[in-house]
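Below you'll find the structure, written out as structure tokens, and then a few comments.
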Amino acid sequence: MPDCRFPFEKYPVVTLAHGAGGRFTQQLIDDVFTAALTEVQKDHDGALLRLEVGASERLVMSTDSYVVKPLFFPGGNIASLAVTGTCNDLAMCGAEPGELSCAWIIEEGFATESLYRLAVSMAETAAEVGARLVTGDTKVVERGHGDGVYLNVTGVGVRRLVCEPGLIRAGDSIIVSGDIGRHGCAIMTQRQDLQLQSPLASDCAHLWPQVEDLLPLSENIHCLRDLTRGGLATALSELSQSSKLQMTIETERVPVSESVSSVCELLGLDPLYTANEGRMVILCSPQAETEVLRILDSGAAVIGRVEEGQGIVATGAFGVDRVLDRLSGEQLPRIC
């Protein structure tokens, strides 16, 4: 049996923090799953399959589970989130989404009308990016054991762009594709029943169209990462660990809307760690940043550079630096 380094004596049971996408999640993956499943590819959102579809094209596979609450929220629902989330994971591997499967875990007593709405939304969201739902599974669990609906979506796509943490180089530009924190704050305003003057909707959206537009710059695009659980800071921390390079950002350059800033201030959250479902970070050669910004259109911003070293350094007002780490503990439960 492979050696397991997980501190069972300290964490004899799994906690919600282990599912928050931060340091505890990584510990669970590294010391339990990777220790037992030695071929797991853990540095990316998907895995290259052994099957080839052409001389230079490879198939990519990704899977994700969705337990968001509430099931319906401004800007989306659990079904649209499940499709965009899995398709975005493929896109971050440079793969065009192709075929999808979906497993539905449905709680006894769930309204069939709501179930139909979710199924229609899932089909429509897949069609938006040209993906096909080709197979699936359905299970019903006892009342009180499922929070309505849980979903698992697996996707397969064809890699069109080679991009991975190992290609990141010192000097690369760090670009975010738009303002951050919308999804996490939209979910929290619904849970807390906050009445905002300007309604806040999730940024739930497909990223493949933007990635496809970046294909002509493929030689200069080194890595992509979507900013889901744990937000921008956790994504950059993962990339820093994988590339063994330092991510230096200027917090004043990070685009955050007034609504998100207000919600974060009210609830004691940090936008840098708040979840997104339609935003990505692009690490590219500095000579390509102007063209990348043009392609991504309004909202995208250069927020920093890759440097020698390791970790994340965030420069704030008056030139004060702070070191960022992965999300520790639980900030936003059940956001995806």
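What the table shows:
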| read-out | value |
| --- | --- |
| Checklist (1) on the phi < 0 side of the Ramachandran plot; (2) touching a residue at least 60 places away in the same chain (Cβ under 8 Å) applied to residue 227, failing item | (2) |
| Residue within region 261-268 that is closer than 17 Å to residue 173 by Cα and either surrounded by fewer than 18 Cβ atoms within 10 Å (Cβ to Cβ) or of a type in the set (S, T, N, Q) (or both) present | no |
| Options 236, 245; residue that is within 24 Å of residue 336 (Cα to Cα) and either surrounded by 19 or more Cβ atoms within 10 Å (Cβ to Cβ) or modelled with pLDDT under 95 (or both) | 236 |
| Leading residue by the ranking (farthest from the chain's Cα centre (by Cα)) among those in region 181-204 that are in a loop (DSSP other than H, G, I, E, B), hydrophobic (A, V, I, L, M, F, W, C) and crowded, with 22+ Cβ neighbours inside 10 Å | 200 |
| Test: residue in region 153-161 that is among the hydrophobic types (A, V, I, L, M, F, W, C), touching a helix residue (DSSP H, G or I) at 6+ places or on another chain (Cβ under 9 Å), over 19 Å from residue 94 (Cα atoms) and surrounded by 14 or more Cβ atoms within 10 Å (Cβ to Cβ) | no |
| Exclusive hit being assigned by TED's automatic domain parsing to the domain that holds residue 76, under 26 Å from residue 69 (Cα atoms), in contact (Cβ under 8 Å) with a residue 60 or more places away in the chain and in contact with a strand residue (DSSP E or B) (Cβ under 7 Å, 6 or more places away or on another chain), set 151, 207 | 151 |
| Selection within region 294-309 - touching a strand residue (DSSP E or B) at 6+ places or on another chain (Cβ under 8 Å) and of a type outside the set (Asp, Glu) | 296, 300, 301, 302, 303, 304, 305, 306, 309 |
| Test: residue in region 212-225 that is at pLDDT 95 or above and of a type in the set (Gly, Ala, Ser) | yes |
| Residue check for residue 111: modelled with pLDDT of 95 or more, surrounded by fewer than 22 Cβ atoms within 10 Å (Cβ to Cβ) and in the same structural domain as residue 220 (by TED's automatic domain parsing) | no |
| Wholly within region 47-155, strands (runs of 3 or more DSSP E) carrying at least 3 residues that are among the small types (Gly, Ala, Ser) | 95-107 |
| Tally, over region 103-156, of residues that are polar (S, T, N, Q) and more than 14 Å from residue 79 (Cβ to Cβ) | 3 |
| Unmet requirement for residue 69, which otherwise passes all of (1) over 30 Å from residue 165 (Cβ atoms); (2) of a type outside the set (Gly, Ala, Ser); (3) over 23 Å from the mean Cα position of the chain (by Cα); (4) at pLDDT below 95 | (3) |
| Filtered residues of region 239-287 (kept if among the acidic types (Asp, Glu) and farther than 17 Å from residue 301 by Cβ) | 265, 270, 277 |
| Long-range neighbours under 6 Å by Cβ, at least six apart or interchain, first residue over 15 Å from residue 208 (Cα atoms) within region 87-109, second modelled with pLDDT of 95 or more and aromatic (Phe, Trp, Tyr) | 105/150 |
| Residues satisfying the stated conditions in region 164-180, i.e. over 26 Å from residue 122 (Cα atoms) and either among the polar types (S, T, N, Q) or not in a loop (DSSP other than H, G, I, E, B) (or both) | 165, 166, 167, 173, 174, 175, 176 |
| Output for region 107-135, where each listed residue is over 15 Å from residue 157 (Cβ atoms) and either of a type in the set (Ser, Thr, Tyr) or in contact with a Lys or Arg (Cβ under 7 Å, 6 or more places away or on another chain) (or both) | 107, 108, 109, 112, 114, 116, 121, 125, 135 |
| Qualifying positions in region 277-306 - within 30 Å of residue 78 (Cβ to Cβ) and free of Cβ contacts under 8 Å to residues at least 12 places away in the same chain | 297, 298 |
| Residue 97, sole failed condition from (1) surrounded by fewer than 24 Cβ atoms within 10 Å (Cβ to Cβ); (2) under 29 Å from residue 217 (Cβ atoms) | (1) |
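The values are calculated or read from the model by the stated rules, or taken from the named source; none is laboratory data. Predicted model, so just to flag it, every value in this text is computed and none were measured. Virtual Cβ from ideal backbone geometry, glycine too; neighbours counted across all protein chains shown.
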